Amino acid sequence: MRVLICGASKGIGLETARQALDAGHDVRALARSANAIAVSHSSFEKIQGNSLKIEDVEAAVVGVDVVIQTLGVGLGELFQPINLFSDATRIVISAMKKEGIKRLLCVTGFGAGDSQAGISCLQRVPFQIFLGRAYGDKTLQEKLIKESGLDWTIARPGVLTNGPHTGRYQILSEPSQWRNGVISRANVAEFLVQQIKDEAYVGKAPVLIN
Ligand SMILES: NC(=O)c1ccc[n+]([C@@H]2O[C@H](COP(=O)([O-])OP(=O)(O)OC[C@H]3O[C@@H](n4cnc5c(N)ncnc54)[C@H](OP(=O)(O)O)[C@@H]3O)[C@@H](O)[C@H]2O)c1
């Protein structure tokens, strides 16, 4: 499959790129600093671009089978208004529809959308103070994806670590199971790479924790 990863220069996106290459996929990496990605592979293409620029995204989706969105904001941006997730999602959905691409995988996080109900009473206030703006926009992002008519899967990891790729983690699909926990970026990447071909989680938004 030919996969576009929006936000592939670091974190989950970069790890997903590496694992998708290992799995034999062709990977196109879109990020503002894509040219600096330290991956060299005959099936790897870097596109230096911005997910908020329609022309960059429309060029990046050409010929792609699956789009994976792993965009993130820096710590310094958490206390400013955040529109990255919803704005970039509007753009990528429109670009995918123009190009006839159906499969969209997206990372949001535990606490976005209806998973907010799973946040414990103790965590609710700090979560709102530190992550309220980001997760408000991630909730809108999830709504846009769910209403898109695409074959979507939303991955909602708990707290991310740079721990190893173990393949041992839980995929919590049912609201009654949703709770916070930790998970490595590498294990989130494994989940995403499995969804490139697997349709078991189409239309689902599982929480991922160890
Ligand atoms: N930290 C946690 O504990 C936690 C928990 C749950 C969920 N999450 C979510 O998981 C996701 C991934 O997090 P992460 O820490 O692995 O990633 P990250 O290190 O925040 O990386 C974000 C990626 O997004 C790209 N990006 C940002 N703005 C962009 C733009 N306008 N155009 C193109 N690319 C852009 C960055 O590349 P450039 O800067 O090169 O453009 C980078 O590759 C985020 O949405 C995060 O909120 C985090």
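The values are calculated or read from the model by the stated rules, or taken from the named source; none is laboratory data. What you see is a predicted model, and the numbers here were worked out from it, not measured in a lab. Because the Cβ atoms are built from the backbone with ideal geometry, glycine has one as well, and the counts that use them run over all protein chains shown.
Scoring Asn50 on the criteria (1) near the ligand (Cβ under 10 Å from one of its atoms); (2) in contact with a Lys or Arg (Cβ under 7 Å, 6 or more places away or on another chain); (3) closer than 26 Å to Gln170 by Cβ leaves a single failure, condition (3).
Determine if the range 28-45 includes at least one residue that is farther than 21 Å from Ala189 by Cβ, out of contact with any Leu (no Cβ under 7 Å at 6 or more places or on another chain), more than 14 Å from the ligand (Cβ to nearest atom) and outside any helix (DSSP H, G or I). Checked against the condition, which is being farther than 21 Å from Ala189 by Cβ, out of contact with any Leu (no Cβ under 7 Å at 6 or more places or on another chain), more than 14 Å from the ligand (Cβ to nearest atom) and outside any helix (DSSP H, G or I), the range 28-45 yields no hits at all.
Looking across the range 126-156 at every residue that is out of contact with any helix residue (DSSP H, G or I) (no Cβ under 8 Å at 6 or more places or on another chain) and within 16 Å of the ligand (Cβ to nearest atom), the one that is nearest to Cys106 (Cα to Cα) is identified as Gly136.
Of the residues in the range 57-80, not one is free of Cβ contacts under 8 Å to residues at least 24 places away in the same chain and touching a helix residue (DSSP H, G or I) at 6+ places or on another chain (Cβ under 6 Å).
Considering Val193, Val202, Val182, the condition of being among the β-branched types (Val, Ile, Thr), within 21 Å of Ile5 (Cα to Cα) and within 16 Å of the ligand (Cβ to nearest atom) is satisfied by Val193 alone. The residues of the range 74-125 that are within 13 Å of the ligand (Cβ to nearest atom) and either assigned to a loop (DSSP other than H, G, I, E, B) or of a type in the set (Asp, Glu) (or both), listed by number, are Gly74, Glu77, Leu78, Ile82, Asn83, Asp87, Thr108, Gly109, Phe110, Gly111, Ala112, Ile119. Applying the set (1) within 21 Å of Leu75 (Cβ to Cβ); (2) at pLDDT 95 or above; (3) over 17 Å from the mean Cα position of the chain (by Cα); (4) assigned to a helix (DSSP H, G or I) to Ser176 leaves exactly one unmet item: (1). For Gly132, the stated conditions do not hold, so it cannot be described as at pLDDT 95 or above and either of a type in the set (Ser, Thr, Tyr) or closer than 30 Å to Ile101 by Cβ (or both). For the range 179-200, the candidate set comprises residues that are in a helix (DSSP H, G or I) and polar (S, T, N, Q); within that set, the residue that is nearest to Gln116 (Cα to Cα) is Asn187.
Checking each residue in the range 162-196 for being surrounded by 15 or more Cβ atoms within 10 Å (Cβ to Cβ), over 16 Å from Gly111 (Cα atoms) and basic (Lys, Arg) picks out only Arg185.
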